[in-house]
Ligand SMILES: Cc1ncc(COP(=O)(O)O)c(C=O)c1O
């Protein structure tokens, strides 16, 4: 059967993701699993909020997933502080957290710095610091977390149908998931198996597994504090996480190496380096304007490359109202270069991006739209 070349979109499942040796997943000594990242934060709210007639304040970075922020709004009073993807440090002047408030510190794209938060936390001990390691759950920062709590939505970087982890660098007591399991994970796992059959050239229609992905997302979106699925829970410690991280980092380095030689005024990588012990989430680029980003995205989709936008803002009315965050969200694009791909795939993707910018008709349509 002829394998299909496709880059990005949801994970599929293959037994090749299992490590041949034991113990490659470096998990904290004490942790709890939930079905989703939001579910773990809802669980945390339940154990921290002793006054059910008022909501706890949760301070989020202004550049964040607005879908997740909308969900969290149901349980928390949301406040925003300035932390932008193109700035090394957050603007602490904008973080007006009081005693008992929660601050979500996001290691955005896995390239942010731990030290400034450790210093801030020492001077603000009465504020509850919750680190979000969804973009690099196994970084040195994450593994050595000293925060009150740390969490990661594991399904963003690992090929599992659901799963989020929460732990405490200070050994505080942890929330526990409810006994109920969402059917979302089982639909997602079915989609992952069918997607693999499709990619392998089997007689499976794309619509079939896409429909299951959509249905599974609808179910996972409704989750409160459901437990993780049996599949994700049992496979977690068997995944070849070291190898995933090695491939991810090599792919992103290769992407940067191939694009650095370009003096491109229409787009630039968001970052060129990261700290030792970190692996970026993906190759992230910033385009000169929204029209270029949207045309490029459309072109890549026509070539079977599916680049997500992390994250549109406003989204369904949810926004931080930070103008720079909104501007960046209009120009940002994630080029999928994760562990599913090899260096040749990355070269092919970069060539297609270059082809877009050198195609005359494409350029003329961009310039016509962006004048
Ligand atoms: C950085 C980050 N943290 C947390 C979440 C919430 O995770 P989940 O979708 O598993 O609830 C998301 C969701 O997109 C996210 O992007």
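Bear in mind that the values in this text are calculations on the coordinates, not laboratory data. Here the structure is a predicted model, which means the values were calculated and not measured. Quick reminder, even Gly has a Cβ in these numbers, built from the backbone with ideal geometry, and neighbours come from all protein chains shown.
Rounded to the nearest Å, what's the spacing between the alpha carbon centres of the range 230-257 and the range 262-291? Just the number, please.
What the calculation gives is 20 Å, centre to centre.
Among 53, 77, 162, 294, which comes first, then next, by fewest other beta-carbon atoms within 10 Å? Don't skip to the end; give the middle numbers.
On the way: 53 5, 77 13, 162 30, 294 17.
The most exposed by this proxy come first: 53, 77, 294, 162.
In nm, what is the difference between 0.36 nm times the number of residues separating residue 359 and residue 206 and their Cα-Cα distance?
Roughly 52.1 nm would be gained on extension.
Can you give me the distance in nm between label points at residue 143 and residue 49, each placed 7 Å from the Cα along the Cα-to-Cβ direction?
Those two pseudo-labels are separated by 3.6 nm.
What shape does the range 150-235 have by the C-alpha gyration tensor, where a ≥ b ≥ c are the square roots of the eigenvalues, rounded means a/c under 1.5, and otherwise prolate means a/b greater than b/c and oblate the rest?
Since a/c reaches 1.5 and a/b is larger than b/c, the shape of the range 150-235 is classed as prolate.
Take the Cα of residue 26, step 7 Å along the line toward its Cβ, and report every residue of the range 225-262 whose backbone nitrogen sits under 20 Å from that point.
236-253
Taking Cα centroids, how far is the range 307-361 from the range 106-181 in Å?
When both Cα centres are located, 25 Å separates them.
Assign one of three labels to the range 183-222, namely rounded, prolate or oblate, based on the Cα gyration tensor with a ≥ b ≥ c the square roots of its eigenvalues; rounded applies when a/c is under 1.5, prolate when it is not and a/b is larger than b/c, and oblate otherwise. Each step should come with its number before you reach the end.
Details: a/c = 3.83, a/b = 2.32, b/c = 1.65.
Prolate.
Using the reciprocal of the averaged 1/r over all distinct C-alpha pairs, how large is the Kirkwood radius of the chain in Å?
21.5 Å
Between residue 19 and residue 99, how high is the FRET efficiency from 1/(1 + (r/R0)^6) when r is the Cβ-Cβ distance and R₀ = 41 Å? Nearest 0.05.
Calculated transfer efficiency: 0.40.
Taking 7 Å along the Cα-to-C-beta vector as the label spot, tell me the residue 230-residue 174 distance in nanometres, rounded to one decimal.
2.2 nm
In a GNM of the chain with a 10 Å cut-off on Cα contacts, which of 238, 139, 329 has the highest mean-square fluctuation?
Comparing 238, 139, 329 in the GNM, the peak value goes to 238.
Testing the spin-label approximation: label points 7 Å from Cα along Cα→Cβ at residue 3 and residue 77. State their distance in nm.
So the label points at residue 3 and residue 77 sit 5.4 nm apart.
Calculate, in nm to one decimal, what residue 86 and residue 343 gain on full extension: separation in residues at 0.36 nm each, minus their alpha carbon distance.
Values: separation 257, 0.36 × 257 = 92.52 nm, distance 2.62 nm.
Once the chain is fully extended between residue 86 and residue 343, it gains 89.9 nm.
When the helix-only estimate is applied to the chain (DSSP H runs of n ≥ 4, each -39,500 (n - 2.57), divided by the residue count), what is the mean residue ellipticity at 222 nm, nearest 500 deg cm²/dmol?
After summing the helix terms and dividing by the residues of the chain, the value is -11500 deg cm²/dmol.
Using a Gaussian network model of the chain with C-alpha springs under 10 Å, which one of 88, 176, 57 is most mobile by mean-square fluctuation?
88
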